[in-house]
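K.L.:
What follows is a structure written as structure tokens; I'll ask about it next.
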Amino acid sequence: AAVLSRLNGSLLPKVFFIAEAPGRQGADRTRRPFYGDKSGDNFQILLDSIGLSRDDIFITNSVMCSPRTSTDANRKPSRNEINNCSGFLRRQIELLQPTVVATLGSVALGAIKAIEGHGFSLREDAGKVLEWNHRTLVPLYHPSPQVIAAQRGLGRQLEHFQSLVTV
């Protein structure tokens, strides 16, 4: 499946977002990251809240495939899958040279360790402006409906996204 194209966004992004994997109902089907499913709807609300459009950002994933269970549901990528795709992620960062990187979820935050190690955790560092790999890093929660429900609504993520306004 084609997972990298102009649909990923700007080659001069204000923010370089890294998510987990192309979703079965979203990017794997539409070829546009965070589009066509509820996570994409939530992501758009979060972007709108800080005045960014898709023309301002670039979105990629920790893995380039859409990992599935035996019942064809989305599943979390394995450590091997993340390691196998880390070279692609590293190369995207090298090519685009973003000054601001925002990870969406713990998988993405963990995946960037293969590029440059860090000791950050989503629980402790969500919404904080940090330094990583000579860049500004803002770890954020994933905009999936399950994560939003676990965080008791969209409000907390809207607050965390405000960190991107200050960078």
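The values are calculated or read from the model by the stated rules, or taken from the named source; none is laboratory data. These numbers were taken from a predicted model, which means no experiment stands behind them. A quick note on method: Cβ atoms are made from the backbone with ideal geometry, for glycine too, and the neighbour counts reach across all protein chains shown. These area figures cover heavy atoms from the full protein model, side chains too; ligands, DNA and RNA do not enter into them. Shrake-Rupley method; radii C 1.70, N 1.55, O 1.52, S 1.80 Å.
K.L.:
Given a 1.4 angstrom probe, I'd like the percentage of the accessible area of the chain that is carbon and sulfur, rounded to a whole number. Can you show the working numbers first?
P.N.:
Values: 4040 of 8330 Å².
Looking at the chain in its full context, I get 49 percent from C and S.
K.L.:
If you don't mind, there's one more thing I want to ask. Among DSSP beta bridges lying fully in the chain, give the percent that are antiparallel, nearest 5. It would help to have the intermediate numbers written out before the result.
P.N.:
Details: 5 of 18 bridges.
The antiparallel fraction comes to roughly 30 percent.
K.L.:
May I pose another question? Please give the net charge around Phe120, taking every other residue with its beta carbon less than 12 angstrom from that of Phe120, where Lys and Arg add +1 and Asp and Glu add -1. Write down the numbers at each step before the final one.
P.N.:
Details: positive: Lys113, Arg123, Lys128; negative: Glu116, Glu124, Asp125, Glu131.
Spelling it out: positives minus negatives among the neighbours equals -1.
K.L.:
Additional query: Go through the stretch 134-147 residue by residue and turn each phi into a ³J(HN,Hα) via Karplus (6.51, -1.76, 1.60, θ = phi - 60°); whole Hz please, and just put x for glycine and proline.
P.N.:
6, 9, 8, 10, 10, x, 10, 6, 5, x, 5, x, 5, 5
K.L.:
Next up: On average, how much accessible surface per residue is there in the chain, in Å², for a 1.4 Å probe, leaving out ligands, DNA and RNA? Numbers along the way, then the final one.
P.N.:
Working: 8330 Å² over 167 residues.
Normalised by residue count, the accessible surface of the chain is 50 Å².
K.L.:
In nm, to one decimal, how far is the modelled label at Ala150 from the one at Lys113, with both set 7 Å along Cα→Cβ?
P.N.:
Label-label distance for Ala150 and Lys113, simple model: 1.7 nm.
K.L.:
Using log10 I(q)/I(0) by the Debye sum over Cα atoms at q = 0.14, 0.21 Å⁻¹ as the read-out, say which of [x] -0.73, -1.64; [y] -0.76, -1.45; [z] -0.65, -1.71 was calculated from these coordinates.
P.N.:
[z]
K.L.:
Taking the Cα-to-Cβ direction at Ser5 and at Asn84 and moving 7 Å from each Cα, how far apart do the two end points lie in nm?
P.N.:
Result: 2.3 nm between the two label points.
K.L.:
While we're looking at this one, here's another question. Taking the Cα centre as origin and putting +1 on Lys and Arg beta-carbons and -1 on Asp and Glu beta-carbons, what dipole magnitude results for the chain, to the nearest 20 debye? Each step should come with its number before you reach the end.
P.N.:
Details: 20 positive and 15 negative charges, 70 e Å.
The dipole magnitude comes to about 340 debye.
K.L.:
Report the net charge of residues surrounding Val147, where surrounding means a beta-carbon distance below 14 angstrom and charges are Lys +1, Arg +1, Asp -1, Glu -1. Working shown, then result.
P.N.:
Numbers: positive: Lys38, Lys76, Arg123, Arg152, Arg156; negative: Glu20, Asp37, Asp41.
Neighbourhood net charge equals +2.
K.L.:
Put a dot 7 Å past each Cα toward the Cβ at Asn133 and Gln162; how far apart are the dots in nm?
P.N.:
2.9
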